[in-house]
2 protein chains.
Amino acid sequence: MAVRGPEKGSARLTARGAATRRRIVATAADLMFRQGVAATPLDQVVDACGISKSQLYHYFPDKDALVTEVIAMREHLMVSAQKPQLEQVRSMRDLERWRDSLLTGLRERGLPYKCPIGSLANELSSRCDDARQSLAGIFGAWQGLIADGLARMREAGELDPGADPEELAVAVIAALQGGYLLAETMQDEQPFVVALDMAFDHVKAHVKTPVADLTQSDN
Amino acid sequence: MAVRGPEKGSARLTARGAATRRRIVATAADLMFRQGVAATPLDQVVDACGISKSQLYHYFPDKDALVTEVIAMREHLMVSAQKPQLEQVRSMRDLERWRDSLLTGLRERGLPYKCPIGSLANELSSRCDDARQSLAGIFGAWQGLIADGLARMREAGELDPGADPEELAVAVIAALQGGYLLAETMQDEQPFVVALDMAFDHVKAHVKTPVADLTQSDN
DNA sequence: TCGGGACTGGACGATTTGGTCCAGTCTGTG
DNA sequence: CACAGACTGGACCAAATCGTCCAGTCCCGA
């Protein structure tokens with residue numbers, strides 16, 4: 001499970017070859033998301049992808065390398081899905097729009113109620129330190145995106161100067177992850193909603209009271 | 001991964017036999033906690049336990065049965081660890097004592113920063129519906145213990161009558177789980193602390209304001 | 001047209017793992 | 001003692017899986 005640099009053979013790659021390569025990673029990512037990494041045999045990837053086994057090994061030296069790419073793709077997908085919205089965040093209203101999109105996303109995808117990153121982290125962090133570090137990096141990037149939005153809110157005077165964007169972002173992600181896990185286990189979206197609401201109440205508790213605020217602010 | 005009833009052979013069991021059986025489950029639980037269920041071969045359980053393979057199969061028909069028992073043991077451990085404290089909860093102060101014990105527990109155990117139940121849920125809920133349901137039951141039991149405490153707080157007038165103990169309990173557990181996952185992935189207890197603090201702020205937000213609060217309410 | 005990467009398809013080896021089987025020993029108790 | 005259950009120890013099977021290898025075809029651009 002070593003995290004390698006750019007692939008050896010990636011230098012000379014036809015457009016067609018690159019497309020196939022991406023297809024393999026995408027297929028593997030999907031299967032591994034639903035079944036887990038260990039529970040996804042390469043033969044299944046091969047079948048689902050409609051390629052031959054030798055082709056898979058033509059692009060990837062071993063399963064670990066494939067997993068590494070899957071993780072990288074997950075980071076890319078997360079960033080390209082979250083960044084556009086989070087970058088725009090300058091007010092609580094913006095942040096709530098983001099929350100709403102998380103919710104509708106969960107509902108549209110339906111089961112399984114899992115976070116692609118969280119489930120990878122859970123399975124791999126104990127077994128492969130390279131993967132764990134990559135996943136930690138993804139969480140860090142996510143945290144950064146959220147924290148930046150919160151920081152902008154603070155600059156805009158929406159957030160209390162004493163509020164720590166990084167810490168709030170960690171709390172939000174933790175709530176998200178916990179919500180995903182409970183929702184998946186209970187097969188019910190309610191825990192996810194409850195967790196998200198908690199996180200947003202927590203953020204709101206650091207909102208500079210514009211007018212008389214009903215929700216009393218604890219510390 | 002079928003969840004069976006009481007074992008077939010459990011009828012005639014010497015004290016010695018029962019002890020060995022428990023030892024097997026405990027050993028398996030520990031290994032599976034640290035490495036994951038799939039990543040724990042039975043041979044390793046056998047070695048770590050100092051028994052012979054035939055003995056393992058003398059007590060358990062297959063690996064699934066062993067996993068089922070491991071889950072049951074996890075429930076038992078959770079309840080016997082949490083119930084005594086949570087049963088006593090009648091005030092915010094009591095609840096905070098419980099939180100403190102969670103924290104010191106995490107610190108004493110050290111790495112891995114995982115929840116034995118959460119990690120099982122994450123790995124098994126996608127792959128075995130029987131296990132998933134058992135784990136959901138454990139989460140439900142945990143939720144119940146917390147919710148009961150919160151309900152007593154409400155009866156005691158410490159909690160707002162409008163507060164929903166069940167919902168608050170779900171939020172607390174979600175924060176816990178998310179905190180564990182982040183802490184484990186980042187190899188840092190801070191996310192766990194942050195998540196727990198969020199959860200407790202959330203509960204406190206439903207505390208009936210007793211008198212003038214000393215903790216400054218930030219404007 | 002020629003060459004190289006893309007790709008097939010399946011044989012093959014090695015390893016791991018779950019699971020079976022059994023001959024025989026140990027141990028505690030009625 | 002006799003017997004039942006506890007236990008050893010390893011041989012053994014079958015399946016899954018990772019990974020290798022190769023002969024040969026297909027496709028595309030210089």
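Among A:T14, A:T68, A:T185, the largest mean-square fluctuation in a Gaussian network model of chain A, built with springs joining Cα atoms closer than 10 Å, belongs to A:T14.
For the protein assembly as shown, the spread of Cα positions along the three principal axes, ordered from largest to smallest, is 69, 67, 35 Å. Label-point spacing at A:Q133 relative to the other copies reads 4.4 nm, in ascending order, each point sitting 7 Å out from Cα along Cα→Cβ.
Could you look at the range B:9-60 and say what percent of its accessible area is carbon and sulfur, using a 1.4 Å probe and all protein chains?
Values: 1350 of 2740 Å².
Solvent-exposed carbon and sulfur of the range B:9-60 make up 49 percent of the total.
B:T104 exposes around 70 Å² of accessible area when a 1.4 Å probe is run over every protein chain in place. Distant-in-sequence amide contacts of B:L159, defined by a placed amide H-H separation under 5 Å and a gap of 5 or more residues or a different chain, comprise B:R154, B:K208.
Heavy-atom accessible area with a 1.4 Å probe sorts A:I117, B:I51, largest first, into B:I51, A:I117. Exposure check, 1.4 Å probe, all protein chains in place: B:C115 carries approximately 10 Å² of accessible surface.
Taking the longest Cα principal axis of chain B as reference, the axis of helix B:92-109 is set at about 40 degrees. Between the Cα long axis of helix A:63-87 and the first principal axis of chain A there is an angle of about 30°, rounded to the nearest 10. Mean-square fluctuations from a GNM of chain B, with a 10 angstrom spring cutoff on Cα atoms, peak among B:A29, B:A175, B:A81 at B:A81.
Copy-to-copy label distances for B:V79, where each label lies 7 Å from Cα along Cα-to-Cβ, are 4.8 nm in order of increasing length. Accessible surface calculations at 1.4 Å, restricted to protein heavy atoms, place chain A at 45 Å² per residue. Counting from the shortest, the label point at B:P61, 7 Å from Cα toward Cβ, is 4.6 nm from the same position in each remaining copy.
At a probe of 1.4 Å, how much accessible area disappears from chains A and B on forming the pair, both sides counted, to the nearest 100 Å²? The partial results should precede the final answer.
Working: alone 11730 and 11930 Å², together 19790 Å².
Chains A and B together bury roughly 3900 Å² of accessible area.
Projecting the Cα atoms of A:G178, A:Y59, B:S126 onto the dipole axis of the protein assembly as shown, where Lys and Arg carry +1 and Asp and Glu carry -1 at the beta carbon, places A:Y59 farthest toward the positive end. Using the Karplus relation 6.51 cos²θ - 1.76 cosθ + 1.60 with θ = phi - 60°, the per-residue 3J(HN,Hα) values for the range A:153-168 come to 4, 5, 4, 6, x, 7, 10, 4, x, x, 5, 9, x, 4, 5, 4 Hz, with x marking Gly and Pro.
Are any of the pairs A:K114/B:K63; B:K63/B:K114; B:K83/B:K204; A:K83/B:K204 more than 31 Å apart by Cα-Cα distance, and if so, which? Could you put the intermediate results ahead of the total?
Working: A:K114/B:K63 26 Å; B:K63/B:K114 23 Å; B:K83/B:K204 21 Å; A:K83/B:K204 33 Å.
Pairs exceeding the cut-off: A:K83/B:K204.
Semi-axes of chain B's equivalent ellipsoid from the Cα gyration tensor, sqrt of 5 times each eigenvalue, largest first, rounded to whole Å? Could the numbers behind the result be given before it?
Numbers: eigenvalues 292, 69, 42 Å².
Each semi-axis is the square root of five times an eigenvalue, giving 38, 19, 14 Å.
How high is the FRET efficiency between A:Q133 and A:A19 when r is their beta carbon distance and R₀ equals 30 Å, given to the nearest 0.05? Computed FRET efficiency for A:Q133 and A:A19 comes out at 0.55.
What is the range A:74-204's relative contact order, in percent, from Cα pairs under 8 angstrom and six or more apart in sequence?
Details: 121 pairs, mean separation 36.1, N = 131.
The value is 28 percent.
Counts of other chain beta carbons within 10 angstrom of each beta carbon in peptide B:112-122 average 4. Seen against the Cα atoms of chain A and their longest principal axis, helix A:15-35 is set at about 60 degrees.
How many percent of the accessible area of the range B:70-204 is carbon or sulfur, using a 1.4 Å probe?
Working: 2350 of 5050 Å².
Carbon-and-sulfur percentage of accessible area, whole number: 47.
The values are calculated or read from the model by the stated rules, or taken from the named source; none is laboratory data. All figures in this text were calculated on a predicted structure; none of them were measured in a lab. So basically every Cβ, Gly included, is an ideal-geometry build from the backbone, and we count neighbours across all protein chains shown. With ligands, DNA and RNA removed, areas are computed over all heavy atoms of the protein, side chains included. Shrake-Rupley method; radii C 1.70, N 1.55, O 1.52, S 1.80 Å.
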